[in-house]
Amino acid sequence: MLERVKKYIAEVEEFVEAKEHAKVEEFRIKFLGKKGILNDLFKEFKNVEVSAKKEFGQLLNELKSKTEEKVNSAKEALESKDDSKSIFGDLTRPAQALDLGSRHPISIVRNRIVEIFNRIGFTVSEGPEIEDDWHNFTALNLPEYHPARDMQDTFFVQTNPDELLRTHTSSVQVRFMEGHEPPIRTISPGRVFRNEAISARAHCIFHQVEGLYIDENVSFADLKQTLMYFAKELFGKSKIRLRPSYFPFTEPSAEVDIYWGLETETDYRITKGTGWLEIGGCGMVDPNVLDNVNIDSKKYSGYAFGFGVERIAMLLYQIGDIRHFFENDVRFLEQFKADLK
Ligand code: DAH
């Protein structure tokens, strides 16, 4: 009896790691299966003479643990071999999810605005972020000592007063008019810079979209209609308000407000409790500006507008703080994955 067990132990020890799963499995069933050798031997335990019981028991345990060890190491060896067989590893493994990026909310809104104006014949134009005095101020009817220059805190590049970071995209109007004859229909999205204190509502870097329409007989009614079309397309409602205002480059001028509502605490904070949010300015292009770029102001008239993209994005996405746009917090940016356009 004891000899038989010893023979089995020897057999287990001699078992060379098989090359196929089936062989290992066969070996496992033979010894460890329900009707396998070990179970049979354990059943025989009660028939063993009392004096031999201890040694028999020890041998059985030895056989069992050696068999288990062999089976495990054979399986492991086979698995690691499987990996090296294919450069792709386990082809049945589920694929890893692709980590999709997302567009920045400012890009999403910019693209939507551009698309809305494209539909009514506006083409996109761009200009430099580092501007000269002429395009940013003088040509726009803001001569050197004009008090309206105080409206814009300007970042100058080094000490050269003729090299500055543009304070508005209206500079692109000037560049476009210098290079094109009417009729002109253009929209100019871009980044602008102002030396302003950073808060929930203002930042020193932000984005504007400038619009310009020059043709014969363009009226303020055309401007209003275009703004209402825009508000309707972008927000689904055309509740806008034009407040008389002043810009040196337009006459008459107005500020464009959109009705945001007053339902949440955020609404109160953002709109300072009025429910209205200013999205930009507009007006009829001042004849002086047309003259500055050699467009006949007796023959042509036009309207212009400039919107803040952040303001619009805050409205659309209910974002309560402008600083989110510039902090690059992935948890914020990831929320715009649905708007991949
Ligand atoms: N440039 C103005 C600003 O930065 C916005 C603006 C107002 C643009 C009226 C225009 C306009 O084209 O007609 O605040």
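Of all the options ASP296, ASP162, ASP99, the one that moves most in a Gaussian network model of the chain with Cα springs shorter than 10 angstrom is ASP99.
Computed over neighbours whose Cβ is under 13 Å from that of PHE155, the net charge equals -2, Lys and Arg +1, Asp and Glu -1. Classify the stretch 224-341 as rounded, prolate or oblate, taking a ≥ b ≥ c as the square roots of the eigenvalues of its Cα gyration tensor: rounded when a/c is under 1.5, otherwise prolate if a/b is larger than b/c and oblate if not. Judged from the Cα gyration tensor, the stretch 224-341 comes out prolate (a/c at least 1.5, a/b above b/c). Rounded, prolate or oblate: which fits the stretch 215-288, taking a ≥ b ≥ c as square roots of the Cα gyration tensor eigenvalues, rounded meaning a/c under 1.5, else prolate when a/b beats b/c? Verdict is oblate for the stretch 215-288.
Set against the 2.2 N^0.38 Å expectation for a compact globular protein, the chain has a Cα radius of gyration ratio of 1.94.
Beta bridges per DSSP, both residues in the stretch 105-336: antiparallel share near 95 percent.
Starting from the Cα of TYR229, step 7 Å toward the Cβ, then list every residue of the stretch 166-193 with an amide N under 15 Å from that point. Of the residues in the stretch 166-193, 184-187 have backbone N under 15 Å from the label point off TYR229.
Cross-link partners among lysines for LYS239, C-alpha distance below 17 Å, same-chain residues fewer than 8 apart left out? Excluding near neighbours in sequence, the set is LYS224. Take the stretch 2-88 with all the other protein chains still there, run a 1.4 Å probe, and you get 72 Å² of accessible area per residue. Just check the stretch 14-156 against the gyration tensor rule for me: Cα atoms, a ≥ b ≥ c as the square roots of the eigenvalues, rounded for a/c under 1.5, and otherwise prolate or oblate depending on whether a/b exceeds b/c. It is prolate, given that a/c is not under 1.5 and a/b is the larger ratio.
Extending 7 Å from Cα along the Cβ direction at THR138 and again at PHE326 yields two label points whose distance is 2.9 nm. Ignoring aspartates and glutamates fewer than eight residues from LYS34 along the same chain, the ones with Cα atoms less than 20 angstrom from its Cα are GLU11, GLU25, GLU26, GLU44, GLU62, GLU68, GLU69. Placing a pseudo-label 7 Å from each Cα along the Cα-to-Cβ vector at TYR268 and PHE42 gives an inter-label distance of 7.3 nm. Model label points for GLN158 and ILE29, set 7 angstrom from Cα along the Cα-to-Cβ axis, are 8.6 nm apart.
Please list, by residue number, everything in the stretch 283-300 whose backbone N is under 17 Å from a paramagnetic label point 7 Å out along Cα→Cβ of GLU216. Once the point is set 7 Å along Cα→Cβ of GLU216, 295-300 turn out to lie under 17 Å by backbone N, inside the stretch 283-300. With all projection directions averaged, the alpha carbon convex hull of the stretch 27-91 covers 5.2 nm². Applying both filters, DSSP loop and at most 15 other Cβ atoms within 10 Å, to the trypsin sites (Lys or Arg not before Pro) of the stretch 1-53 gives LYS19, LYS34, LYS35. Among the GluC sites (Glu not before Pro) in the stretch 234-341, those placed in a DSSP loop whose Cβ has at most 16 other Cβ atoms within 10 Å are GLU263.
Hull volume per residue, based on the alpha-carbon atoms of the stretch 248-297 and their convex hull, is 75 Å³.
The values are calculated or read from the model by the stated rules, or taken from the named source; none is laboratory data. This structure is a prediction, so every number in the text was calculated from the model and none was measured. Here Cβ is always computed from backbone atoms with ideal geometry, including for glycine, and neighbour counts include all displayed protein chains. Note: accessible area is taken over every heavy atom of the protein model, side chains too, but ligands, DNA and RNA are not part of it. Shrake-Rupley method; radii C 1.70, N 1.55, O 1.52, S 1.80 Å.
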